[in-house]
Amino acid sequence: MKRWCALLLVLSLLVLPVFGAEPTLSASSAILMDKESGRVLYEKNAREQRSIASITKLMTALVAVELHPDLSSTVTIKREWTGAEGSSMYLKPEEKVTLEALLYGLMLPSGCDAAGVLAEAVAGSEEAFVQMMNDKAAEIGCTSTHFENSSGLHDPNQYTTARDMYMITAYAMQYDQFTEIATTYSYTMPATNKNDERTIYHTCSIMNPSSSYYDETIYGIKTGTTDESGRNLVSYASRNAYNYLLITMGAPIYYDDGTQIEQNLSYVDAANLYDWAFNDWAVQ
């Protein structure tokens, strides 16, 4: 069944409809799909290999959910897992945490510590888990993707394309547990033996009602940003029974002179593409 689903995902990428005026994107590559039919609505350099950053965690979550669907299982946190480089969900040594809480910590605040914990809990080691990630990418039909770690920290040998990332995301969204976690803005983590009850939030500002980027129809599945990758965004939007899935990669962080760009252009790209699709495509 899963092999058939993977084949359908690959075949869906062969259909490219013709549109009118398209928005101009800041992102270096992108693909916009009709989630139900699998039609390509828009693409830009979608086969171009690019640095993945933290959208890597989509595959981390997928492998974890597939191999451990009982998310009530508890993991005891080792001290060495708490010092992970990058963003964190702030785990503590000897803390007892459910797989569900770890997945929320992975996908919302983008915890690199959660990625390492899940990798060892599922596969016994980071190396074995990364092999599972690469095996799953090949099974799904990805031809231009390679993983070196579960967290998305920069590695020159870790890369994907917008098209491959669409296939990974669409495959992962077959699992209700994955979709529920990835499209949730805030999650209240139960108290543990080392932490009080606390609320964590998604890094995607499009889902934040207090943000100027907020859009209640868009669900930011995963953000990912490094200096090497630029701003990457995997998102999902639903309006009037139409459901679209968008991957943008390489939106700039800095101006040519090296100064910081004030706007998050991956959010601007997403808003423009979704508005264009819902206004032009949905009426076809």
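The values are calculated or read from the model by the stated rules, or taken from the named source; none is laboratory data. Here the structure is a predicted model, which means the values were calculated and not measured. Cβ: placed from backbone, ideal geometry, glycine included. Neighbour counts: every protein chain shown. For the accessible areas, the whole protein counts, side chains as well, though only heavy atoms, and no ligand, DNA or RNA atoms are used. Shrake-Rupley method; radii C 1.70, N 1.55, O 1.52, S 1.80 Å.
The residue list 226, 217, 259 contains one member that is over 15 Å from the mean Cα position of the chain (by Cα), over 14 Å from residue 26 (Cα atoms), of a type in the set (Val, Ile, Thr) and surrounded by 13 or more Cβ atoms within 10 Å (Cβ to Cβ), which is 217.
Just one of the numbered conditions (1) at positive phi; (2) without any contact (Cβ under 8 Å) to a residue 12 or more places away in the chain is not true of residue 110: (2).
The residues of region 32-85 that are of a type in the set (Lys, Arg), without any contact (Cβ under 8 Å) to a residue 40 or more places away in the chain and part of a helix (DSSP H, G or I) amount to a single one, 79.
One line per residue, one yes/no per condition, for (1) part of a helix (DSSP H, G or I); (2) surrounded by 24 or more Cβ atoms within 10 Å (Cβ to Cβ):
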position	(1), (2)
93	no, no
100	yes, no
105	yes, yes
120	yes, no
139	yes, no
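Output yes when any residue across region 223-232 is in contact with a helix residue (DSSP H, G or I) (Cβ under 9 Å, 6 or more places away or on another chain), charged (D, E, K, R) and modelled with pLDDT of 95 or more, and no when none is. Taking every residue of region 223-232 in turn, at least one turns out to be in contact with a helix residue (DSSP H, G or I) (Cβ under 9 Å, 6 or more places away or on another chain), charged (D, E, K, R) and modelled with pLDDT of 95 or more. Test residue 225 against the stated conditions and say whether it is within 24 Å of residue 60 (Cα to Cα), in contact (Cβ under 8 Å) with a residue 40 or more places away in the chain, not in a strand (DSSP E or B) and not charged (D, E, K, R). So residue 225 does not fit the description; no. For region 165-176, the criterion of a residue being open to solvent by 20 Å² or more (accessible area, probe 1.4 Å) and either closer than 15 Å to residue 266 by Cα or without any contact (Cβ under 8 Å) to a residue 12 or more places away in the chain (or both) is satisfied by at least one position.
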